Structure formats: structure tokens, C-alpha cells
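A short worksheet on the structure shown next.
Nothing in this text is a laboratory measurement; each read-out follows from the coordinates by a stated rule. Worth saying up front: this structure is predicted, and the values here are computed from it rather than measured. Heads up, the Cβs are rebuilt from the backbone with ideal geometry, glycines too, and the neighbour counts pull from every protein chain shown.
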Protein chains: 4
Amino acid sequence: MANSKYEYVKSFEQPDALLPNTWIVVRIDGRGFHKLSDHYGFIKPNDRRALDLMNAAAVGVMKDLPDLCIAYGISDEYSFAFHPNCQLFERRSAKLVTTIVSTFTAHYIYLWGTYFPDTPLQPAALPSFDGRAVMYPNSRIFRDYMSWRQVDCHINNLYNTTFWTMVLQGGMDRREAELELKGTLSSDKNEILFKRFGINYNNEEEIYKKGSVIYRQEETSPLQEDTPSKTQQEKIRKLRRKVQVVVDHVDIIKDEFWERRPWILSGKPGKLPTEAKQVAS
Amino acid sequence: MANSKYEYVKSFEQPDALLPNTWIVVRIDGRGFHKLSDHYGFIKPNDRRALDLMNAAAVGVMKDLPDLCIAYGISDEYSFAFHPNCQLFERRSAKLVTTIVSTFTAHYIYLWGTYFPDTPLQPAALPSFDGRAVMYPNSRIFRDYMSWRQVDCHINNLYNTTFWTMVLQGGMDRREAELELKGTLSSDKNEILFKRFGINYNNEEEIYKKGSVIYRQEETSPLQEDTPSKTQQEKIRKLRRKVQVVVDHVDIIKDEFWERRPWILSGKPGKLPTEAKQVAS
Amino acid sequence: MANSKYEYVKSFEQPDALLPNTWIVVRIDGRGFHKLSDHYGFIKPNDRRALDLMNAAAVGVMKDLPDLCIAYGISDEYSFAFHPNCQLFERRSAKLVTTIVSTFTAHYIYLWGTYFPDTPLQPAALPSFDGRAVMYPNSRIFRDYMSWRQVDCHINNLYNTTFWTMVLQGGMDRREAELELKGTLSSDKNEILFKRFGINYNNEEEIYKKGSVIYRQEETSPLQEDTPSKTQQEKIRKLRRKVQVVVDHVDIIKDEFWERRPWILSGKPGKLPTEAKQVAS
Amino acid sequence: MANSKYEYVKSFEQPDALLPNTWIVVRIDGRGFHKLSDHYGFIKPNDRRALDLMNAAAVGVMKDLPDLCIAYGISDEYSFAFHPNCQLFERRSAKLVTTIVSTFTAHYIYLWGTYFPDTPLQPAALPSFDGRAVMYPNSRIFRDYMSWRQVDCHINNLYNTTFWTMVLQGGMDRREAELELKGTLSSDKNEILFKRFGINYNNEEEIYKKGSVIYRQEETSPLQEDTPSKTQQEKIRKLRRKVQVVVDHVDIIKDEFWERRPWILSGKPGKLPTEAKQVAS
């Protein structure tokens, strides 16, 4: 039986390869997590179980997709980055973004019970994520993207920490707290925390203040070429599957993080590491 | 603390709204399901549990996204369609496709244990899906798309049924069977099945021969306007959440299916149904 | 000498084929024509020479590109339409739009002296045009696009006719006239023209009130297929080159225009006409 | 009269802004120039009048669009480049490419008579150009693009010079010459030219061997910021209109060209030059 009569519909699929030699960031966001976090009783302002689940799912994605070179997460969002020399799926945008979103979701749902053993998922309220792919033409702008997210983490966490302390410890009405915080500076919020509640924001946990950065504990391979062939790419993938994936809560705005891990920006990873720091899941 | 220094990176996100007044089909495919079906021991040529799981996940997507008007699935793929008048997420391609892929994945993983109670998922081999959005400018071409998928279902299922019967019942080597089937017509395969194994292909189960079509058992609302306002859209969504979602295994190539369910192509659904046929999950 | 070292840069060119089976409208606009019309002393509100030049250039485009099926122009803008079955340049957007813009510009500059014999062009103030391609999924929406332009023609011409009559015949200051016209309805402008200046707007020339529509005086070919092959396309092009190109100033909002020239919307032109009406250039 | 009924068609125009912070190259090509050069009797292998006309038109474009920072032309093609910090027309692709194509065409047609005084243009064979915009993420790749075009210039010119010398001076049949040149190296062609015709290819004119590069004779402004504001952009445009536009025939593959004119790659032009070399038109 000939299929040709209808096969012309394939011609309506439009190509969507991303521009070569650009950083690709796939950022995913929880859908309706405000409502969902209420539904499943997430602790305010930060639920450590929920963040650990996000990180575990992201580690799963990093392991399943060795082409990824770094990821950064805060709250219910995660950014996954491919180096400019990445050729995965011929750089097709929809393929890259849906693969990451689906893989993340699969791990998240699969691991839910591990992190929320007493709160089973309900079929009418399953967590899900949307995503988008964005190109950044060079490493300076890519790092500015990463800095943007970490600054956002700081701003949001300081606000949320102050707000929920005022509500939960201070007994304030939510609207009242919101009103008082409107227009305040970081220093104002620090002062509220310290003077009224004896809380030194600096002593808050790093995972809340800095977010989570995930990378491979490898070394720069001096042998790798700028544009690896398909065979080389496959070799690198195999090697990277053996490399330890690390979850860290450190500053990624300053140069130090990047200078100490040159394989991330160089796009020439692949050597097995000689030491590892903190191993994920 | 000002965020503005890095916020410029937001300008790199490019708009991706799909052309107005076109059908949008989001087709998702299982990633590496050939290997995965071996890994989890799917029965050949058709594993009813796996198909039922696909359908259950698709029903979950249809219920979570009332803007969807129809879905069609075969094997490890599913196509979800939005009517040309759909305004969901301002028709942004990445948002639409990732939401569907993630929601489908969430249901699939969540429901796995229901359909494979004796085959637990393993974290290193979690099922995942990729997807893409395609526009079709009118109902004739959209129906040709749906026909294309159902013809594909027929071609693949006849081939697979014959191939696996030759291997499993006929004791043939896989390569041998492949070689014999090369270049055969439908009639040849029907004859092999009937003469050698006494199997009448017409008696095979409809779900294998026709695939699965999912729609709402509603009625055309004569009151609805061509381009519903945001408020009207919300009303329609609410109404559609109450409507029964039906899984069927019928011909969608001929006119009859569409003529009996005019609300699908008209894009004017919303009236509560007076009767329902087969209710999903 | 090997070129391969640099040839990789070709991979940065991104495909831009427009969606199949959609109407393609390329609309071009004069760049800075407000200033340019002052520079070359165009007559207000309508300079017949300038409009005739626009039409002559558009006829040139229609003759050079037989794939075009209709064009409509007002003031310093022109819309050129390709039928959904058009395959020219594999429907690549940039190729289609630049070819039309360049061909139009070439004719416009070449013919300038014919229409403005006493006003030579100056190299620092050469007329030029920009353009864009827009897809419309079906004939109803394509006709709405054409109607939109003709309604715009009416609105602008009624305003301009009233404004410049107030200024040139009424001796009013420009700002004064602008202020008085602000917020007025069509009926108000008609009354100003009639009561103050004895002008019946209905008697104005059709080219000003209706704009200019250009099409081929051919007949529907009952023999043509829905999707003509490359050879058939070439035959149709040859045939259409012999067909007379007509410039008309008539209503294109009502059905009559389209019903009397069914080959435009059917996309099945090609038969040589048996009669012709008004032959262009 | 309300226009709103049809105005919805505007929503079908899709945004097409190019990625920020990338080089934009608009390359235009003569349409059907093989046939056209025969039609108007262009001299083989190089018609100096035709090249001078191309360059004059390109200078016209550079003067009309001060945002352009460099252009390079060979044969009937020209590449125009915008720096990554360019904000012209909000970087909309169609607007950029059509403006350049139209402006180039206008100058080309307008100047035709100056360079071909004895060969008037004919309305049925007007020269026209198509074009496309391509993004390059950094200066290294942008320079590779420019090198690619200049290497192409060399390859084509050596071939054409040898071919036409064999035909015009050697009296060979075209097919014969083509056959003999098939598969030859640069050194082979140099030898044919030298041994058979006493021609030293190195002594050919630079414009034929190197193509034409056009830039502004300005200086790097140490004062300019990375991302100039709209007001600053307008100031820079004004300043650049006064700067001399230079046409050169030099190597642009090696570093020297770029190191001596740092304002091109830095994107910080604007200072009035203290000396000029060769002034165009």
C-alpha cells in the first residue's frame, strides 16, 4: 500500500537548527508551581526536599545528555547549557528543548517518592515543566546570562526569606508584609531580618543564597579539536559518562569559578579527572 | 541590588509564535524506544500494556489541556492537535510543544506501575519523548496529516504482525524473515499470514490496525464565535473539562468520523454532550 | 587552491522557506517618501505622475515574475501576491521579497524620466523601497488583507483630499486643518468638502479613491492540476508571459471582482484570454 | 469609517529581528547576470565598466546607510556588513536586506548610463539583485566569511582569465577549453597562461585578482561605548556621513588590513580621519 498520497504533509515541518557556534541555553520552568507548591505543602520560603528533587532531576539530565556542559538551578527553574561546538541533534531547537524537558520531567516524577515519601503525587496535579532554547553568541554574554540567574536567585531569596520570616515568625498578615517590603533595598531587608528576628542573612544555607550549579569534574583535554568529528563526539560522550557530576552552591558571577574549571568554557573537555569533590546522587 | 546590569540577556530570547489561523499539530515520539522496549521486555509485535499506557498518558494530556481538540497515537508516537482558532500561550511554539511533552512524560512515568506492575522503572533507563510543532494551513491538509499517520499505522502493523508471526510462530531467523518481506505488497503479507499461519489479518484487534484516536464527546455549540475572546476561551475551557474524553480505534481517513463529530473541525465545541460512548480512565 | 578552510561559513545561512499552501503577500513601501515627495515636488494630495510611475513599475514586476497572480497599490506602497500553490524559489522568503523589491526599484528608477521629464533624479536622493513577506493561510484571510489595504486607501484619500483642499483652496494653516479634522467621521469630511468647497468626493478620480489593482486578463484553465510539476510550472509561466496585464481601479472588497476573475483565487490560470479590456504599458 | 474589521490581518506579520550581538552580512547577487552580461555585451573575462558600476552602486549604499562598516564585492555580488552593535531597524532581517537591495539597485540603474554610455538599458532586461542576511557570531568567523569571498574571487578569476585567454587568444573552442581546465590546479593554470600566452597572472590588475573592499577612512573613537544609545547612534551616523568612503583592492585575508583599520572590527568608529587615501566617486 502506497503512502505517497498523504506523505506530502511532511513538507510542512520547518527546519529549526540554531545558529552554529553560539551557546545554547535551555531554560525550563515549573508550570503553575505556585499553586502546586501549596497543593503538596512545600515549606516556605525554601523547601529543601523540593530543591534536592530539582537537583537530582537535573543530575539525571546531565548524565543522560553528556553534551551538556553546565546547568544552574533556582527555585522551580533550571538552565542547561550546550557549548558553541555542540552538534547534538544537528542543533535542532525543538529536539534539544523537548528532550531536556521530557528527561527532566521523567526523573522528577520518578524521584518524587524519594524526596516526598509521605506526599504521594496525585494524577490531577502532576508536576510539569515548559522550556525554551536561547542562543548566546559568545562566552562573555553566556556568563552574563548565568550571572543574571544567580543575581535573581539572591534577590528572590532575600525577599522571600524576609517576607516569610515576617509572616511566619513575626505573625504579620501577608498583605501587610508585602506592603512594608515594597521599595526596600537589600540593606533594609537585611536589617529587618537582623534587628527584628536576630537572623544574619549571611548565615543562611548556601543552596538558598547561591542556587545550584552542576558540572562535570573533569579536566581540559589539550588534544581535542575545535570542531570534533562525529566519531570524536561519540568518544567524548562515552568518556563524559564516566566523569563525576558535581552539584555545587557557589558564586558563578566572579571569574574564579570559571578559571578553576577551564573545560567548561573551552569546550574541550574529556580527560578523566584525577580528583573529585562532591559526587551527586 | 540592581539586576539591570545583566538583564539585557533577556533580549536574546526570540519570539516564536506560530502563524495565526493554522492547525497546530504537536507530534511526540519515544526516545530510543526500540532499545527501551527490549530493556523492559515489551511483547512483540504489539504490547497491549504499552499501548494502553500511551493512551492513558494521552488522555491525561487531553484533560490537562482543554484547548486540544483531538489526538492520535500509534506505537510510541502521539499527535496532539490545536484548532486554528486556538490562542493558548499566544501560540508560542516552544511553550506549546514543551508543555505537551512534559505533561505526557509526567503521566507516562506516573502511570507506568499501573500498566507494568511487575516491571519497575530503572533510573538509568527512564522513558522520555521528544516533540515538534507543525502548522497546517487548512482542514483538508490537517486531515491528510491524520490520514498519513493512520496509513502509517496500517503499513507498520501489517509488516510487524507478519514479521513477528514468521519469527515467533514460524521459527524463522529475523534476517531471513526481513529478507523475504522485502518488496512485498500488502496482499503478499496477508497471504503469508493466512496460508502459512491461518491468521486472517482483518480479525486482528482494532487498536493495532487503526491506532487510537482521542477526542471529547461533546456537541457543536451554535453560539460560539469564530474568534472567542479571552473570557470566552476560559469559559470553553471550563466546560470542556467536564466533557468526557473518549478513546476510539476507528477509521479517521474517511469522512464519516469527522462528519459525525463536527465540533472537532468547526472549532466550535463547548456544549455538554447528551450521550457518551466509551469513557476513558 | 583549496577553498574548504573557509567554506564552513556557508553553514550559517539559515533556511527561510515559507509554509507550503499559504498565500504569500510581499508588500513594499517607499523609504522616506514623505521627505522625497517634498524634494521632488510631488503635487498634493495626489500626484498622478507618481501614481502612474508606481503602477508602471508594478506592471514591470508582474511581467518579469509570471508567478505573481495579483498586485494592489496605493500611495507609495504595493502588495504583490503569490498563490498558495506557488513554488517559485522554493518559497524562500528573502529570495522572493528581495527579487520583487529590486525589480520594482529597477523599473521605478528606469521609468522616472518618462513620468517626471522635467525633474531629474539626484544621486543623493534616489527613491528606494523596503519590503516584507507575509503568509495568509486561506483565501478568505487573503481577501481580508486586500480589503484592509483598500479600506486604508479610502480612509487616507478622503483625509488627504479634505486636508489639502482646506489648506490649498481654503488657505488654512496646516496645523489648523489637522486640528479641525481630528476625530471627524467620513461624513464630516464629505460635508466639509461639499459645503465649503463644492466638491463631491464621489466624483474624485477612481485611481485616488480605489487604488490600483493589477492582474492578468486570462481564463481559468480546467486542465491544470492542484500542484503543478516543475515542467508544468514552466509552461504556465511561458503562457502567462503572453497574457495581457491589466491595471484597474475598482472595488476589490465585494465578491464581484473575484467572481468575475476566478483564475486569481483558483490558482489555475494559464488559458489564453479570448478578450482583453485595458492593456497596461 | 472603521478599519478594524480587516485590521486583524496585521497579526500575520511575524517578527524577524536577528540575534543581538552578531555580525550581520547582507550578500546581494545579480539575477541572471550570465544572460544579462551577454545581452549587454560585457567584455570577457572582466568588464572594467561593469565592475566600476558595481563599486559605484556599493559606495552609494555605504553613503546612504552609515551603519554599514564594510563591504566587499566580486563579479556581480556584493557583501555588506553591519557590526554586532548595530541597532538599525531594530535588526529586522527583511527590512535590512530589502533596504540594501533596493538602494543598490537604485544606484546601479541610475548610474548605468555613466558607465555604459553607448549601451542603453532595455525595459525588458533591467538588471536586478536578490539578497539574504546571514549572522556570524564573532569577528573570527566574520573574517572567515570575508576570506571565503576573497578566495572565491581568486579561484574564479584565475579560472576565467585562463579560460577566456585560451578561447579569445588561443582560438580554442569553449568546450575544449573547459575540458582541458577540468581538474587543473592553480599552478597548472598559471603555467598555461605563462607558457602559451606569455601572461604573468601576478601582473593582472588588482581589482580583478583581489576584488573590491569598501570602508570608511575614519579613526577609532576611544570615547564610544559598547552599546551606544539611540541619540549616540544618530550622532555617529551624522559623523560617518562626513567621512570619506574608500574603494580598495587589497588582501583582506591576512591580519594587516584589519590591524591598520581597527575601527572596523571594534565597532567604535566615529572620529573624523586626519588623512585619506583614495576617495570614492
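Overview of values
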quantity	calculated
Average other protein chain Cβ within 10 Å of Cβ, residues D:119-129	5
Rounded D (µm²/s) - the stretch B:13-87, Kirkwood Rh over Cα pairs, Stokes-Einstein at 37 °C, 0.692 mPa s	232
Largest-first ellipsoid semi-axes for the stretch A:50-124, taking √(5λ) over the Cα gyration tensor eigenvalues, angstrom	26, 13, 9
Exposure proxy ranking, count of Cβ atoms within 10 Å, fewest first, for D:Arg149, A:Arg196, A:Arg49	A:Arg196, A:Arg49, D:Arg149
Longest to shortest principal axis, alpha-carbon extents of the stretch B:106-146, angstrom	45, 19, 13
Position B:Lys242, label points 7 Å along Cα→Cβ, spacing to each other copy in nm (shortest first, one decimal)	6.3, 6.7, 7.5
Averaged over C:133-141, number of beta-carbon atoms from partner chains that fall within 10 Å	6
Approximate shape of the stretch D:1-128 as ellipsoid semi-axes (Cα gyration tensor, √5λ), whole Å, largest first	33, 20, 12
Degrees separating the helix B:48-64 axis from the principal Cα axis of chain B, which is the longest one	10
Hydrodynamic radius by Kirkwood, which averages 1/r over all alpha carbon pairs of the stretch B:127-281, in angstrom	18.7
Residue (of B:Thr161, B:Leu111, B:Phe82) at the positive-pole extreme of the stretch B:58-166, dipole from beta-carbon charges	B:Phe82
Cα-based helix-to-principal-axis angle, B:139-164 vs chain B, degrees rounded to 10	30
Whole-Å distance, taken between Cα centres, linking the stretch A:74-127 and the stretch A:1-46	10
Shielding by partners, peptide A:152-163 (average Cβ within 10 angstrom, other chains)	1
Cα pair distances in chain A, grouped into 10 Å bins until the bin that holds the longest one, percent each	6, 25, 30, 22, 11, 4, 1, 0
Percent breakdown of C-alpha pair distances by 10 Å bin, ordered from the shortest bin, for the stretch C:1-51	16, 22, 16, 22, 17, 7, 0
Nearest-first distances (nm) between copies at A:Leu185, label 7 Å from Cα via Cβ	5.8, 7.2, 8.5
log₁₀ of I(q)/I(0) at q = 0.05, 0.06, 0.09 Å⁻¹ - the protein assembly as shown, Debye sum with one point per alpha carbon	-0.42, -0.62, -1.33
The stretch A:207-266 - Rg and Dmax from Cα coordinates, angstrom	13.6, 41
Out-of-range pairs (alpha-carbon distance over 32 Å; input C:Lys209/D:Lys230; A:Lys230/B:Lys63; A:Lys5/B:Lys44; A:Lys268/C:Lys10)	C:Lys209/D:Lys230; A:Lys230/B:Lys63
P(r) tail fraction, the stretch A:155-242 - alpha-carbon pairs more than 19 Å apart, %	56
Inter-copy separations for C:Phe197, label at 7 Å along Cα-Cβ, nm, ascending	6.8, 7.2, 8.6
Tilt relative to chain A, helix A:93-115 - C-alpha long axis, 0 to 90 degrees, to 10	50
The stretch A:102-195: radius of gyration and largest Cα-Cα distance (Dmax), Å	18.8, 48
Nearest residue to the symmetry axis between D and A, taken on chain D by its Cβ, in whole Å	D:Pro137, 2
